[in-house]
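Colleague: Questions regarding the structure given below will be posed in turn.
The values are calculated or read from the model by the stated rules, or taken from the named source; none is laboratory data. Predicted, not measured: the structure shown is a model, and the values here were computed from it. Don't worry about glycine lacking a Cβ; one is built from the backbone with ideal geometry, like all the others, and counts go over all protein chains shown.
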Amino acid sequence: MKEYYIPTGSSETELIEKRSRFIGQVKQVETEEEARALIEEIRKRYHDARHHCWCYLIQDGPVRYSDDGEPQGTAGQPMLNVFQREGIVNVVCVVTRYFGGILLGAGGLVRAYTQSAKDALDAAGVSVVRRWVEILLPCTYAQFERVKLETEQMGGVVIDTDYGADIALTVLLPEERAEDYLAHILDFSAGTVEGMVCGERLQAVPIREPVTKGASIAQ
């Protein structure tokens, strides 16, 4: 199957632009109904805000956006572009705006809504969904750091570490790299580290950690 990317978690960030307050929220969803439900929930939570602009993209499903009263093309589409450029799907993003009394102009609105969506995505993190081969890999404590490094360099992810007399790592490798990985680990360890394939799984694995910025102030 082809891999795809989703938000790792949910997030809420804040951006201030010329006294207007932009609250950006991102959440991973599976259906259009879930996306719509979050939009309505945020409308109710921030019922006194002037605008709730949003977009969502569902894997092999609908792609929608709304400017919610902002000038056409200044909010929903720029927000959507953030996720399309990153290849993110199964995501809903809502940016709530409290007007600060100063008009931003079309360019200012596009920049603010784009930045708010990007900040919210960065705070949520990104995961890749694909088919992985699960491998059990015993090694010594002396070999541990090198094995982790070699695993990461070949696109693998360590998902569990069992500490005992020796160490047993459970790692996930992209299915097309698993055979080369096993041969490489055996080679670099001079035959002392031999992995065992335990099976395959379809799983979301984080590839970009969440970035917490708190409130972001734009000039």
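Colleague: Any idea how many residues of region 27-75 are crowded, with 19+ Cβ neighbours inside 10 Å, among the aliphatic types (A, V, I, L, M) and within 18 Å of residue 98 (Cα to Cα)?
Modeller: Qualifying residue count, region 27-75: 3.
Colleague: Go over the candidates 142, 106 one by one and state the one that is part of a helix (DSSP H, G or I) and not polar (S, T, N, Q). Step through it out loud before you land on a result.
Modeller: Numbers: 142 fails: part of a helix (DSSP H, G or I).
Testing whether each residue is part of a helix (DSSP H, G or I) and not polar (S, T, N, Q) leaves just 106.
Colleague: Under 8 Å by Cβ, and 6 or more places apart or on different chains, what pairs join a residue from region 31-43 that is assigned by TED's automatic domain parsing to the domain that holds residue 69 and at pLDDT 95 or above with one that is part of a loop (DSSP other than H, G, I, E, B) and of a type in the set (Gly, Ala, Ser)?
Modeller: 31/61; 32/61
Colleague: Check residue 134 against each of (1) within 19 Å of residue 19 (Cα to Cα); (2) acidic (Asp, Glu); (3) assigned to a strand (DSSP E or B) and name the one condition it does not meet.
Modeller: Here residue 134 meets the rest and fails (1).
Colleague: When you scan region 65-115, how many residues do you find that are free of Cβ contacts under 8 Å to residues at least 60 places away in the same chain, touching a Phe, Trp or Tyr at 6+ places or on another chain (Cβ under 6 Å) and closer than 23 Å to residue 204 by Cβ?
Modeller: Of the residues in region 65-115, 2 are free of Cβ contacts under 8 Å to residues at least 60 places away in the same chain, touching a Phe, Trp or Tyr at 6+ places or on another chain (Cβ under 6 Å) and closer than 23 Å to residue 204 by Cβ.
Colleague: Select, from 111, 130, the only residue that is surrounded by fewer than 22 Cβ atoms within 10 Å (Cβ to Cβ), modelled with pLDDT of 95 or more and among the basic types (Lys, Arg). Let's see the steps before the verdict.
Modeller: Details: 130 fails: modelled with pLDDT of 95 or more.
Being surrounded by fewer than 22 Cβ atoms within 10 Å (Cβ to Cβ), modelled with pLDDT of 95 or more and among the basic types (Lys, Arg) holds for just one of 111, 130, which is 111.
Colleague: For region 1-48, which residues satisfy the criterion of being out of contact with any helix residue (DSSP H, G or I) (no Cβ under 6 Å at 6 or more places or on another chain), hydrophobic (A, V, I, L, M, F, W, C) and within 15 Å of residue 93 (Cα to Cα)?
Modeller: Listed by number, the residues that qualify are 6, 23, 35, 37, 38, 39, 42.
Colleague: While we're on this one: With the structure loaded, tell me whether residue 172 is in the same structural domain as residue 189 (by TED's automatic domain parsing) and either exposed (fewer than 15 other Cβ atoms within 10 Å of the Cβ) or more than 25 Å from the chain's Cα centre (by Cα) (or both) or whether it fails that test.
Modeller: Considered against the rule, which asks whether it is in the same structural domain as residue 189 (by TED's automatic domain parsing) and either exposed (fewer than 15 other Cβ atoms within 10 Å of the Cβ) or more than 25 Å from the chain's Cα centre (by Cα) (or both), residue 172 comes out as no.
Colleague: While we're here: In region 178-196, which residues are surrounded by 15 or more Cβ atoms within 10 Å (Cβ to Cβ) and in contact with a strand residue (DSSP E or B) (Cβ under 9 Å, 6 or more places away or on another chain)?
Modeller: 178, 181, 182, 185, 189, 193, 195
Colleague: If you scan region 189-219, which residues turn out to be at pLDDT below 90 and either of a type in the set (Asp, Glu) or closer than 20 Å to residue 167 by Cβ (or both)?
Modeller: Hit for region 189-219 is 209, nothing else.
Colleague: Follow-up question, since we're still on this one. Please state which one of 147, 157 is among the β-branched types (Val, Ile, Thr), surrounded by 18 or more Cβ atoms within 10 Å (Cβ to Cβ) and not assigned by TED's automatic domain parsing to the domain that holds residue 75.
Modeller: From the options 147, 157, the qualifying one is 147.
Colleague: Also, I was wondering about something else. Can you tell me which residue within region 93-108, out of those that are in contact with a Lys or Arg (Cβ under 7 Å, 6 or more places away or on another chain) and surrounded by 18 or more Cβ atoms within 10 Å (Cβ to Cβ), is nearest to residue 173 (Cα to Cα)?
Modeller: Within region 93-108, the first condition is being in contact with a Lys or Arg (Cβ under 7 Å, 6 or more places away or on another chain), and the residues that meet it are 97-102, 104.
Then drop every residue that is not surrounded by 18 or more Cβ atoms within 10 Å (Cβ to Cβ), which leaves 97, 104.
Details: 97: 42, 104: 48 Å.
Checked region 93-108; the qualifying residue nearest to residue 173 (Cα to Cα) is 97.
Colleague: Could you tell me whether any residue of region 117-127 is touching a Phe, Trp or Tyr at 6+ places or on another chain (Cβ under 9 Å), of a type in the set (A, V, I, L, M) and assigned to a strand (DSSP E or B)?
Modeller: Checking region 117-127: at least one residue is touching a Phe, Trp or Tyr at 6+ places or on another chain (Cβ under 9 Å), of a type in the set (A, V, I, L, M) and assigned to a strand (DSSP E or B).
Colleague: For region 2-9, check the following and say yes or no: at least one residue is under 12 Å from residue 97 (Cα atoms), out of contact with any Cys (no Cβ under 9 Å at 6 or more places or on another chain), part of a loop (DSSP other than H, G, I, E, B) and modelled with pLDDT under 95.
Modeller: No, there is no match, as no residue in region 2-9 is under 12 Å from residue 97 (Cα atoms), out of contact with any Cys (no Cβ under 9 Å at 6 or more places or on another chain), part of a loop (DSSP other than H, G, I, E, B) and modelled with pLDDT under 95.
Colleague: Consider only pairs whose beta carbons are under 8 Å apart and that are at least six residues apart or on different chains; among these, list those whose first residue lies in region 183-194 and is assigned by TED's automatic domain parsing to the domain that holds residue 151 and whose second residue is of a type in the set (Gly, Ala, Ser) and surrounded by 11 or more Cβ atoms within 10 Å (Cβ to Cβ).
Modeller: Qualifying pairs under 8 Å: 185/195; 186/195.
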